[in-house]
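Below is one structure, written out as structure tokens; the observations come after it.
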2 protein chains.
Amino acid sequence: MKIGLLGFGVVGRGVYDITASRDDMQVAKVVCLEDIQLPDAEVTRDFQKVLNDETIDTVVEAMGGLHPAYEFVRSAIEAGKNIVTSNKALVATFYDDLLPLAAEKGVAFRCTAAVGGGIGWLSELERVRRVEEVSMVGGIMNGTCNYILDSMTRLGLDYGEALRQAQSLGYAEANPSTDVDGIDTWHKLILSANVAFGVSLEKASVPAAGISRISAGDIANFKANGYTCKLVSHGTQKDGSYTAYVQPTLFPQGALEAAVPTNFNLITLDGEVSGRQSFYGQGAGRYPTAYNVVQDCVSILAGKGFYCPYGKKVSADNSVKLRYYVRGGDNWIAENAAETWGDAVVTNPVAVSEMHAWLKNNPAAFIAAIAE
Amino acid sequence: MKIGLLGFGVVGRGVYDITASRDDMQVAKVVCLEDIQLPDAEVTRDFQKVLNDETIDTVVEAMGGLHPAYEFVRSAIEAGKNIVTSNKALVATFYDDLLPLAAEKGVAFRCTAAVGGGIGWLSELERVRRVEEVSMVGGIMNGTCNYILDSMTRLGLDYGEALRQAQSLGYAEANPSTDVDGIDTWHKLILSANVAFGVSLEKASVPAAGISRISAGDIANFKANGYTCKLVSHGTQKDGSYTAYVQPTLFPQGALEAAVPTNFNLITLDGEVSGRQSFYGQGAGRYPTAYNVVQDCVSILAGKGFYCPYGKKVSADNSVKLRYYVRGGDNWIAENAAETWGDAVVTNPVAVSEMHAWLKNNPAAFIAAIAE
């Protein structure tokens, strides 16, 4: 396999390092803006050089961002090249465009590193589907949020301190919105559900609530009631009906989710016959992420193109009712309140869709579902 | 694929059920002692009928036990049939005999369900090895022991009550020795290390300590010091040197291992580039186990024969030193004691091999390593 590598940042450099010792694949050209020299690959700023190189059969996209990643990936598919990417935003955003195009052109399109970093999550969904239906996917998919919540819970930091610490360790961006507002988890949920259920989820039907409004007082309320807060995704299918949402969620202190430390991920599926399975590992970082990019290249060499066929468009129906912790409520929340926890309330069961609609109009509030 | 199914107990029946709806495989003959009738498979007591049926390409062994499972599997390999089994005792015991023979005869030999039941553990090790070296494998591999230890810890039961409850739920055998003495975990560790490291571990070099001597007082000592006890396996490779042992181990109460409930498993690997990964799921039971048997059949159809080449014979060197909780010690333990916990002591670091040799001569004692 001859690889055209787009981007030479955290992930791109890792892919170059891991492939360097392999006989079955070789990074032939690297497209990046930095002035670097590599002993065995041509470095260029010009993507056309990759596109026009007929010896390059596979493009590894490790640039991040939507543009020009989308245009580059699309032209590469048009040119008949396989695609491997770790870019969850790209794949989730252009799923309905890129996946059918890749199928039409007969090229492989894999993105295992896009969800769970070093965890073989999407590839395991691919394996699971050979034997059974998956009824649920979800879990802790964002290491930045887990790091912040874990630091607040174990070390007693407030949100701002925990965020700054995550930033100084390189776990959070200068502008942390994609992580802390749940957008990264939202992309990963959409991808996971699409693969697990063989569908294409309508993105507008999947709400996401983040953690940026959480306070040290909230954490104290959770501890006092025996809970630990995690940002989790949740998607289900049953009899042709779907749910999908991202929200802070309270787990009993002895639960597996509650024990996930620092920047780790824990992603779970419910299989029809295999039961509940969870996968724990490094959800980000140079080598874990690059590792699954290289795994995808090996899978392509072994003849695997996609995780599942491109599926029909479906919407999530989030009418399922959950109890919520809400701080910063109004009259509607007061009407639905069942308990008081410090300066917040715990509601009676409320439809997920209703609660997220309410949050949109009350963006200063903090909500967390209580895991059943 | 035409399957000859040996055994129609818990696992065999599950395999029959799951394959019934598939087009790519069919149970053609079932060998069992019960008088049953099946709509689409011939039931016989005579294994020769499977052996002599040239249309049967794959034998699924779900009888359990060493004999006649060994003789049947061996003759099936000799006759050129692929083997799928969930029998960890069989594969661990006859690894050096059956694996080279299968390779020589060019048949597939898979046993994913033998470790972790419904967890795709051995198959994930197979995938991991495509890209990186594995430096550590291990974890909670026996659901019966986890159920007993969890009931003692969460419900305050004593060992006898917890065992009886496990027996009444079908999690433990009438004679529970294989589980509670660590033999089942020992088989699973040997298999896991063989696949992960590409070796064949000398079984006599791998010691196992079990949980049958644990008391409610021990559990109270662990709680008082912030620990939870689990029966775990541990195997490592580094620079051509190996460790491998099974023993009760104390984890801090917030650790992931400590949160594993009831009869679940949690199995972990350390990868050179992917980092630490853990796999959580149902380690036993009809459908989880049968699920991975069927996965192996699908893998064989996809051209996968074994997880790794049969590797060289190696011995574990368990000179690594750990601190141990010991109740029922003697002078040697007293000489090595660092702390007192109730009626027990915690030692200074002692070589694993030395502690297990001591335990052999002091079988009424209970030991548990303290996780580093």
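Neighbour counts of C-beta atoms inside 10 Å place A:Trp186, B:Trp121 in the sequence A:Trp186, B:Trp121, starting with the fewest. Note on B:Lys105: aspartates and glutamates with a C-alpha under 19 Å away, same-chain residues under 8 apart excluded, are B:Asp53, B:Glu54, B:Asp57, B:Glu61, B:Glu71, B:Glu78, B:Asp96, B:Asp97, B:Asp296.
Mean residue ellipticity, 222 nm, helices only, chain B: the sum of -39500 (n - 2.57) across DSSP H runs of n ≥ 4, divided by residue count and rounded to 500, is -10500 deg cm²/dmol.
With everything on Cα atoms, drop me the angle between helix A:95-105 and the longest principal axis of chain A, reported from 0 to 90° to the nearest 10. Once rounded, one gets 30 degrees.
Could you work out the local net charge near A:Asn194, counting Lys and Arg as +1, Asp and Glu as -1, over the other residues with Cβ closer than 14 Å to its Cβ? That works out to +3.
Ratio to report: Rg/Rh of chain A, with Cα atoms as the point set and Rh obtained by the Kirkwood method; give two decimals.
Working: Rg = 21.2 Å, Rh = 21.3 Å.
A ratio of 0.99.
What does the extension gain come out to for A:Leu301 and A:Asn348, with contour length at 0.36 nm per residue minus their alpha carbon separation?
Values: separation 47, 0.36 × 47 = 16.92 nm, distance 5.26 nm.
Result: 11.7 nm gained on full extension.
The residues A:Thr347, B:Thr112, B:Thr262, A:Thr153, when put in order of fewest to most other Cβ atoms within 10 Å, stand as B:Thr262, A:Thr153, A:Thr347, B:Thr112. Taking every DSSP beta bridge that has both ends in the protein assembly as shown, the antiparallel portion is near 65%.
Exposure proxy for B:Val180, A:Val346, A:Val293, A:Val320: other Cβ atoms within 10 Å of each Cβ, ordered fewest to most, give A:Val320, A:Val346, B:Val180, A:Val293.
So, counting K/R as plus one and D/E as minus one, what does the shell of residues with Cβ under 14 Å around A:Tyr324 add up to? Provide the component values of the computation, followed by the final result.
On the way: positive: A:Arg213, A:Lys321, A:Arg323, A:Arg327; negative: A:Asp218, A:Asp330, A:Glu335, A:Glu339, A:Glu354, A:Glu372.
For residues surrounding A:Tyr324, the net value is -2.
Beta carbons within 10 angstrom, averaged per residue: use that to sort the peptides A:100-111, B:34-45, B:276-287, A:333-344, highest first.
Details: A:100-111: 18.5, B:34-45: 11.4, B:276-287: 22.6, A:333-344: 14.8.
Ranking, from highest mean packing down: B:276-287, A:100-111, A:333-344, B:34-45.
Nearest chain B C-beta to the B/A rotation axis, reported as residue and distance in angstrom, is B:Ala259, 2.
On the beta carbon distance between B:Thr55 and B:Asp24, with R0 = 22 Å, the FRET formula returns roughly 0.90. Take A:Asp317, push a point 7 Å out from Cα through the beta-carbon direction, and compare it with the same point in every other copy: 6.4 nm, smallest first.
Our note on the geometry: Cα centres of the stretch B:320-345 and the stretch B:1-75, 51 Å apart. For the listed peptides A:244-251, A:50-57, B:6-13, a ranking on the average number of other beta carbons within 10 Å per residue, highest first, reads A:244-251, B:6-13, A:50-57.
Rg to Rh ratio, the protein assembly as shown, alpha-carbon atoms and Kirkwood radius?
Working: Rg = 26.6 Å, Rh = 27.3 Å.
Reported Rg/Rh (Cα atoms, Kirkwood Rh): 0.97.
In plain terms, the chain from A:Ala334 to A:Lys313 could stretch by 3.8 nm, reckoned as 0.36 nm per residue minus the Cα-Cα distance.
So in chain B, what percent of DSSP beta bridges are antiparallel if you round to the nearest 5? Spell out each step's value before the answer.
Values: 42 of 66 bridges.
For chain B, the DSSP antiparallel bridge percentage is about 65.
Within 10 Å of the Cβ of each residue in B:114-121, the mean number of Cβ atoms contributed by other protein chains is 3.
Take every Cα pair under 8 Å whose residues are at least 6 apart in sequence, average their separation, divide by the length of the stretch B:98-174, and the relative contact order is 17 percent. Panel note: the C-alpha atoms of the stretch B:252-372, placed on their principal axes, show extents of 59, 37, 32 Å (largest first).
How crowded by other chains is A:278-287, given as the mean number of beta carbons from other chains within 10 Å of each beta carbon? Display every interim value, and only then the final one.
On the way: counts 8, 8, 8, 9, 6, 0, 0, 3, 1, 6.
For peptide A:278-287, the averaged partner shielding equals 5.
Would you work out the relative contact order for chain B, in percent, from Cα pairs under 8 angstrom that are 6 or more residues apart? Working shown, then result.
Working: 797 pairs, mean separation 68.6, N = 372.
Relative contact order here is 18 percent.
Between copies, the label points at B:Ala20 (set 7 angstrom from Cα along Cα-to-Cβ) are spaced 5.6 nm, reported in nanometres from shortest to longest. Taking the label point 7 Å along Cα→Cβ, B:Gly217 and its counterparts in the other copies are spaced 5.0 nm apart, in ascending order. Taking every alpha-carbon pair under 8 Å whose residues sit at least 6 apart, the stretch B:20-149 reaches a relative contact order of 15 percent. Here the translational diffusion coefficient of the stretch A:2-110 follows from Stokes-Einstein with Rh set to the Kirkwood radius across Cα pairs; for 10 °C and 1.306 mPa s it amounts to 115 µm²/s. The simple Förster model, with R0 at 22 Å and r as the Cβ-Cβ distance, assigns A:Ala224 and A:Gln167 a FRET efficiency of 0.15.
Which of the pairs A:Lys203/A:Lys304; A:Lys238/A:Lys312; A:Lys88/A:Lys203; B:Lys238/B:Lys321; A:Lys29/A:Lys81 have their Cα atoms more than 18 Å apart in this structure?
Values: A:Lys203/A:Lys304 27 Å; A:Lys238/A:Lys312 15 Å; A:Lys88/A:Lys203 13 Å; B:Lys238/B:Lys321 16 Å; A:Lys29/A:Lys81 14 Å.
Long pairs (Cα-Cα over 18 Å): A:Lys203/A:Lys304.
The long axis of helix B:183-197 is offset from the longest Cα principal axis of chain B by roughly 70 degrees. Take each residue of peptide B:302-308, count the partner chain Cβ atoms within 10 Å of its Cβ, and average: the result is 1.
Computed from the coordinates by the stated procedures, all read-outs in this text should not be read as laboratory data. None of the values given here were measured: they were computed from a predicted structure. Backbone-built Cβ (ideal geometry, glycine too); neighbour counts: all protein chains shown.
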